[in-house]
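One structure is given here, and the rest of the page talks about it.
Derivation of every value follows stated rules applied to the coordinates shown; laboratory data play no part. Bear in mind that the values here come from a model prediction, so they are computed numbers and not experimental data. With ideal geometry, Cβ positions are generated from the backbone for all residues, glycine too; neighbour counts draw on all protein chains shown.
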Amino acid sequence: MDDSTIANSGTRSNFTKRLRNDPLDVTIGAPGPVVEVVMASLGEEMNMWGLDAEEGTGRFGTRSAEIKNGPRVYKKVTYSAFGNPATSEVRTESLRFTSYERKTGATEFDFENVKDSWSCENGEIERLMAFLSNDVRKQGRYRVIDTASAASSLLGLLEAGEIDLDGLGSLLATHGDLPQVVAALTTTAAGLSAVESAVIAERRRVVQTLRDLADHSSATETDMQRAMEGHHWLFGGRYVGIAERRGLTMLDSHDIPLLGADGTLHIVELKGPSISGLVKNHRNHWIVGKEVHEAVGQVMNYLRALDHQGTAMEWTFANSLGDSYDMCRIRGTVVLGNARNVQGIDKKIVDRTLRTYNSHLSRVEVLTYDDLLDAADRALRFENDALPDSNRESSADSPF
């Protein structure tokens, strides 16, 4: 039965349903024939109709309701569900509002030409229903959370001031909505503080793991790169992530292509932490060793290739892959060596030699692993000191 049959003939069935004061009953009733619905709150009647699911297809049926049948305009709303016919999993829900004008000089509506149409899908429907259900009490940003989810359970604990860390692990283990849980945590002051404390504690653990690895004489570049994977925060707050592609130019592959908040790139080249010849005495002065020169030359070649190919590669990534990178005059960092692994030479001499060497470089900086990790640890200590006393982690083990 199509829209024109319902709207233009006034067809009714003998089934009448009285709605509760719940908007969901209007649009998410079971599919079936045309039914007459009596709205308890308004004392009005409305038509509802639907189509059953098509067997063997991903179409799980539709339900429609007549919103207005006026002298000039007809309005309806249609709910549709689509998904996997094999598992009956609903993957897409759609809610569409449509209006039609009455034909000029006729009593029927022109259903062949849509006057206005508007739709929303999936989570957008939930937001709309939350708004219609008066759940939004004041201005702000809101997130819809399923009451059967771990996020909802966790929110209840936080609102009651009962954060059971022992039960938190089992709660997360039985639900797969970890991102929603984290979002739920950060909606309260206590939850936000707990999350910040947990993040700082985990990052300090990462720093200590890297420090132990860098102190090991047999650690390699590959070991360090694997341990630093995904931890862009080690290089400071100006970076928001790591580019998905390591090969940004022809012939080259970059260890850690950092991504700045403004889309700019910063190339990090890693070398091993155990370099005995990191610095050496040459004609009564200290200079950097061969490994440092070679690593810096490698990064300089990377930057030269990016300067030459950057414009073309930017266009390729943006139009073919949807990735936006700013490759104009980017910079690079070499991380290698560890002053603790340089036998017989004081760390102050290593630091002064590298500082002198860096002062003559333009777009490349050389850092040792101990300098990088010390800076990260100081930043984490600063963040930790800003937390409430109850959530502050002890800094007794920090070298600073």
For Leu265, net neighbour charge (Lys/Arg +1, Asp/Glu -1) across residues whose Cβ lies under 14 Å away:
-3
So, with points 7 Å from each Cα along the Cβ direction, the Asp326-Asn301 label distance in nm works out to 2.9
Trypsin sites (Lys or Arg not before Pro), restricted to the range 277-319: which are DSSP loop and have at most 11 other Cβ atoms within 10 Å?
Arg283
Checking the a/c ratio against 1.5 first, then a/b against b/c, what shape does the Cα gyration tensor give for the range 255-370?
prolate
Relative contact order (percent, whole number), the range 217-391, Cα cutoff 8 Å, 6+ residue spacing
22
What distance in nm separates the two pseudo spin-label positions at Arg283 and Gln225, each 7 Å out from Cα along the beta-carbon direction?
3.6
Cβ-based exposure ranking for Thr264, Thr222, in which fewest neighbours within 10 Å come first
Thr222, Thr264
Once phi is turned into θ = phi - 60°, what whole-Hz ³J(HN,Hα) does the Karplus curve with 6.51, -1.76 and 1.60 give for every residue of the range 286-301, x standing for Gly and Pro?
9, 10, 6, x, 4, 4, 5, 4, 5, 5, 5, x, 4, 5, 4, 5
Where labels lie 7 Å past Cα in the beta-carbon direction, separation of Asp262 and Trp233 in nm:
2.4
For a footprinting-style exposure proxy, rank Tyr357, Tyr74 by other Cβ within 10 Å, fewest first.
Tyr357, Tyr74
For Leu95, Leu361, which order do you get if you count the other beta carbons within 10 Å of each Cβ and list the fewest first?
Leu361, Leu95
